[in-house]
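K.L.:
Attaching a single structure in structure tokens format; questions to follow.
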Amino acid sequence: MKLIILDHDGVINYDSNIITKTPSEWRPIPGSLEAIAHLHQMGYRVVVASNQSCDRKALDMLVFNAINDKMHKTVSRAGGCIDAVFFSPYTNVEKHDYHNSLIMMFEEIAQRFNTNLKDVPVVGDVLRYLKAAASVGAVPTMVLTGKGKKIRAARDLPKSTRVFADLAAVVDALTK
């Protein structure tokens, strides 16, 4: 099975300094929907792993589901499919380690899809996402959309990190 794990904000849709709080604020990055469609057509299982947490103060489950519903429908109209969406089990008010939260999500994805994450590209635009990917043996894949340009110069990127302009460039490299 071919599997790819994508971050939500900054990879598929525009990232901002504020949390996307309504479906109307969710805007896809140009080329991301077509990239997901191409992955689907090439036999990839596409999973979104978002480290957003859901609680009433920032983003409740109804809104999170509405945003993801819009994402699913938009991707479907482009000819693609997102097989699953995972999110942080913690609320914003709970103290937790984002790195370990991501590792737990990645391990849950491996378990749910009955696969090893070795050689699975995990595409993100923030350092903690890439470090967590490396921690579980996946391939940390950074895009320069979202916060990617700012963290590109980080000295502590995992050594195996692959860097691409955007999700479309990642997909081009994977499907050639």
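The values are calculated or read from the model by the stated rules, or taken from the named source; none is laboratory data. Here the structure is a predicted model, which means the values were calculated and not measured. Glycine gets a Cβ as well: all are built from the backbone with ideal geometry, and neighbour counts include every protein chain shown.
K.L.:
Please go through segment 27-61 and pick out each residue that is surrounded by 19 or more Cβ atoms within 10 Å (Cβ to Cβ), assigned to a loop (DSSP other than H, G, I, E, B) and modelled with pLDDT under 90.
P.N.:
N51, S53, C54, listed by residue number.
K.L.:
Mind checking which residues of segment 125-176 are on the phi > 0 side of the Ramachandran plot and buried (at least 17 other Cβ atoms within 10 Å of the Cβ)?
P.N.:
G146
K.L.:
Applying the selection to segment 146-176, what residues are farther than 24 Å from N100 by Cα, among the β-branched types (V, I, T) and in a loop (DSSP other than H, G, I, E, B)?
P.N.:
Passing the criteria: only T175.
K.L.:
Can you pull out the residues in segment 116-131 that are in a helix (DSSP H, G or I), in contact with a strand residue (DSSP E or B) (Cβ under 8 Å, 6 or more places away or on another chain) and aliphatic (A, V, I, L, M)?
P.N.:
Across segment 116-131, the qualifying residue is only L130.
K.L.:
Also: Just one of (1) in contact with a strand residue (DSSP E or B) (Cβ under 6 Å, 6 or more places away or on another chain); (2) under 18 Å from D9 (Cα atoms) trips up T145, so point out which.
P.N.:
In the conditions (1) in contact with a strand residue (DSSP E or B) (Cβ under 6 Å, 6 or more places away or on another chain); (2) under 18 Å from D9 (Cα atoms), T145 misses (1) alone.
K.L.:
Where the second residue is surrounded by fewer than 23 Cβ atoms within 10 Å (Cβ to Cβ) and of a type in the set (S, T, Y) and the first is more than 15 Å from M1 (Cβ to Cβ) and touching a residue at least 24 places away in the same chain (Cβ under 8 Å) and lies in segment 115-144, which pairs have Cβ atoms under 6 Å and are six or more apart or on separate chains?
P.N.:
R128/Y98; L130/T161
K.L.:
Right, another one. Inside segment 128-142, can you point out the residues that are touching an Asp or Glu at 6+ places or on another chain (Cβ under 7 Å) and within 17 Å of H8 (Cβ to Cβ)?
P.N.:
Correct list: Y129, M142.
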